[in-house]
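A short write-up of the structure that comes next.
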Amino acid sequence: MTPTVIQTAPIDGQKPGTSGLRKKTRIFLQPHYLENYVQAIFDGIGGVAGAHLVVGGDGRYFNDRAIQVILRMAAANGAARCTVGQGGLLSTPAASHLIRKLQATGGLILSASHNPGGPDEDFGLKYNGPNGGPATEAVTERIHARTRDIDTYRIIETQDIDLDTAGETTLADMVVAIVDPVTDHADLMETLFDFDAIRALFAGGFRMRFDAMHAVTGPYAREVLETRLGAPAGTVVNGTPLPDFGGGHPDPNPIWAKDLMQAMHGADAPDFGAASDGDGDRNMIVGRHCYVSPSDSLAVLADLAHLAPGYAAGLKGVARSMPTSCAADRVAAAKGIDCYETPTGWKFFGSLLDAGRATICGEESAGTGSDHVREKDGLWAVLLWLNILAVTGKSVAALMADHWARYGRNYYSRHDYEAVDSAAATGLIDALRARLPDLPGTEAAGLTIAAADEFSYDDPVDGSRATGQGIRIGFANGARLVFRLSGTGTEGATLRVYLEQLETDPGRLDRDPQEALTPVIAAAEALAGIAARTGRTAPDVIT
Ligand code: G1P
Ligand code: ZN
């Protein structure tokens, strides 16, 4: 089997965003599209001769076909070994763990995360490096540069590999190892959490509902929750991964996980609810009649992680993405540990985790994780919550009340305006940027602006600089407003408006967040002219 060298030409728009290259599936299905990008990854990382790559995805439409192409190209480019999740499945955190455990060269993860799947929906591909984390900005730029001058790719013409049978086979000179995607990750979870305590919790009648949203986490959650922890069968719902996620939007938030929200707010609600996204890296936490915002969840986990054996020694530091609420900062300050503010996207946490500066990281977009892998990890967050619930014996609602009483409450919400005209969205951000120097000291809808800037980040470990990471407005009363454009959307532009208001008055900790944020919402409109510029009078998604 000799590699075939196929002539090709650059294809426009192969620029990775916040998390790899994400496009409409039909774009990925165009001739040479996937092949060009895979070759650009291989070339961008300096070639894969002799490499060991981990390959797997969230099971969405085209996952299996794309893996066959990647394997044939990896073999043609001289890779020594590919480790592939059985059935082509690997959750993003499980892939990150496998790369680290096997000391692989890196991995290719096929997913568009929480975006819907199917021929008319989204597909994505990203490269993770040897630390198991998303490629750094520098590597990402080299990959993108290669997409712009690519002229050939290498592939082997051969039969499909059977992805469904565990074991080793060869493709030309390359070994393909098909491995169980679940066991290693479940074993890692056992090293971090007190499984006996959680087992006792379930044995005592504690009821939980985990909504896998027909995405990749189903098998992982069943193994850990039902098989290893003894939760009753049926605790995991929508547990079979489907190529179109059952027609749903596998994003674990109150909008898209509506069934779970209803169950958790019903008369006979379980004690604890959780959900995860397409590729298993996001999480949603909801107690009986008590939704926990991701920013609050990060703060609670940072506060109480020491109750789990894996974190008993305490945390080295905490990191959050810039738009994430400052609730975690307050915990870090009380504990006297460092708190880092990074740009949006998990790739910016990697250097802090590698350097041992941060133990727990999180984003307002339902991502939380720790230094056990180099990705956010949905099931990990759920297990840490379970461990805390088991040790404290308290309900989610009681834990939240305790937390706010001690630290104050950072009321928080994100308003998304989706598929907005790209020029209008860029115009809105440009106009804000132009006014930044003049804003401090002025008022917006009655709130006094104390600070205004565009966020840039200097990585304290590797010295790299990221600019243009979102407009930040700080108000004299402790409120905060952030505007940025999504880097993961596949249609037009998505404007994200992040709203926050710190409340420390003990009598005002139990309000509806949208109501508590009304003055900040008005300030956002007054400052940015969202309605006039985008033609939208209300957000499409409020989380
Ligand atoms: C979104 C989230 C961000 C997350 C990313 C990948 O990116 O906002 O926090 O890291 O998805 O899951 P965005 O579309 O805002 O660029
Ligand atoms: Zn995801």
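The values are calculated or read from the model by the stated rules, or taken from the named source; none is laboratory data. The model shown is predicted, which means the values in this text are computed figures rather than measured ones. When we count neighbours, we look across all protein chains shown, and the Cβ atoms used for this are built from the backbone with ideal geometry, even at glycine.
One table, with the values for the structure above:
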| item | result |
| --- | --- |
| Residue ranges of helices (runs of 4 or more DSSP H) in the range 42-149 with at least 1 members out of contact with any helix residue (DSSP H, G or I) (no Cβ under 7 Å at 6 or more places or on another chain) and within 16 Å of ligand 1 (Cβ to nearest atom) | 92-101, 137-147 |
| Those strands (runs of 3 or more DSSP E) lying entirely in the range 454-543 with at least 3 residues within 16 Å of ligand 1 (Cβ to nearest atom) and in contact (Cβ under 8 Å) with a residue 40 or more places away in the chain | 479-485, 493-503 |
| Qualifying residue in the range 230-249 (condition: within 21 Å of the chain's Cα centre (by Cα), modelled with pLDDT under 95 and hydrophobic (A, V, I, L, M, F, W, C)) | no |
| Whichever residue in the range 236-258 is farther than 22 Å from Ala397 by Cβ and within 16 Å of ligand 1 (Cβ to nearest atom) and, among such residues, is surrounded by the most Cβ atoms within 10 Å (Cβ to Cβ) | Pro250 |
| Unmet requirement for Thr543, which otherwise passes all of (1) in contact with a Pro (Cβ under 9 Å, 6 or more places away or on another chain); (2) at negative phi; (3) away from ligand 2 (no atom under 16 Å from the Cβ) | (3) |
| Residue in the range 165-182 that is farthest from Asp64 (Cα to Cα), counting only those that are under 26 Å from the mean Cα position of the chain (by Cα) and surrounded by 21 or more Cβ atoms within 10 Å (Cβ to Cβ) | Val182 |
| Inter-residue pairs, beta-carbon under 6 Å, first closer than 14 Å to Leu301 by Cα and in the range 384-402, second among the aromatic types (Phe, Trp, Tyr), 6+ apart | Asn387/Phe193 |
| Leading residue by the ranking (nearest to ligand 1 (Cβ to nearest atom)) among those in the range 305-324 that are out of contact with any His (no Cβ under 9 Å at 6 or more places or on another chain) and either among the hydrophobic types (A, V, I, L, M, F, W, C) or modelled with pLDDT under 95 (or both) | Met322 |
| In the range 290-301, the residues that are outside any loop (DSSP other than H, G, I, E, B) and either within 16 Å of ligand 1 (Cβ to nearest atom) or touching a residue at least 60 places away in the same chain (Cβ under 8 Å) (or both) | Cys290, Val292, Pro294, Ser295, Asp296, Ser297, Leu298, Ala299, Val300, Leu301 |
| Single residue of Gly350, Gly345 found to be modelled with pLDDT under 95 and at positive phi | Gly345 |
| Residue in the range 1-24 that is free of Cβ contacts under 8 Å to residues at least 60 places away in the same chain, crowded, with 22+ Cβ neighbours inside 10 Å and not in a strand (DSSP E or B) present | no |
| Conditions (1) over 27 Å from Leu499 (Cα atoms); (2) away from ligand 1 (no atom under 16 Å from the Cβ); number of the one not met by Gly287 | (1) |
| Tally, over the range 314-342, of residues that are buried (at least 19 other Cβ atoms within 10 Å of the Cβ) and not in a strand (DSSP E or B) | 12 |
| First in the range 264-283 and within 30 Å of Lys126 (Cβ to Cβ) and of a type in the set (S, T, N, Q), second anywhere and surrounded by fewer than 18 Cβ atoms within 10 Å (Cβ to Cβ) and at pLDDT below 95, Cβ under 8 Å, 6 or more apart | none |
| Some residue of the range 259-268 being surrounded by fewer than 24 Cβ atoms within 10 Å (Cβ to Cβ), farther than 17 Å from Trp385 by Cα and within 16 Å of ligand 2 (Cβ to nearest atom) | no |
| Ser456 being polar (S, T, N, Q), over 24 Å from Ala516 (Cα atoms), surrounded by fewer than 18 Cβ atoms within 10 Å (Cβ to Cβ) and at pLDDT 95 or above | yes |
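Quick grid of which residues meet (1) closer than 17 Å to Arg433 by Cβ; (2) among the hydrophobic types (A, V, I, L, M, F, W, C); (3) surrounded by 17 or more Cβ atoms within 10 Å (Cβ to Cβ); (4) out of contact with any Ser or Thr (no Cβ under 7 Å at 6 or more places or on another chain):
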| site | (1), (2), (3), (4) |
| --- | --- |
| Gly463 | no, no, no, yes |
| Ala466 | yes, yes, yes, no |
| Phe475 | no, yes, yes, no |
| Gly489 | no, no, yes, yes |
| Ala493 | yes, yes, yes, no |
| Leu502 | no, yes, yes, yes |
| Leu509 | no, yes, yes, yes |
| Pro513 | no, no, yes, no |
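Here's the yes/no breakdown for (1) under 28 Å from Ala327 (Cβ atoms); (2) in contact with a strand residue (DSSP E or B) (Cβ under 8 Å, 6 or more places away or on another chain); (3) touching a residue at least 40 places away in the same chain (Cβ under 8 Å); (4) of a type in the set (Phe, Trp, Tyr):
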residue: Tyr407; (1), (2), (3), (4): yes, no, yes, yes
residue: Tyr411; (1), (2), (3), (4): yes, yes, yes, yes
residue: Arg414; (1), (2), (3), (4): yes, yes, yes, no
residue: Glu418; (1), (2), (3), (4): yes, yes, yes, no
residue: Thr426; (1), (2), (3), (4): no, yes, yes, no
residue: Asp430; (1), (2), (3), (4): no, no, no, no
residue: Thr442; (1), (2), (3), (4): yes, yes, no, no
residue: Gly446; (1), (2), (3), (4): yes, no, yes, no
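Here is a yes/no grid of residues against (1) in contact (Cβ under 8 Å) with a residue 60 or more places away in the chain; (2) within 16 Å of ligand 2 (Cβ to nearest atom); (3) touching a His at 6+ places or on another chain (Cβ under 6 Å); (4) over 14 Å from Arg22 (Cβ atoms):
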| residue | (1), (2), (3), (4) |
| --- | --- |
| Tyr37 | yes, no, no, no |
| Ile41 | yes, no, no, yes |
| Val48 | no, no, no, yes |
| Gly85 | yes, yes, no, yes |
| Lys101 | yes, no, no, yes |
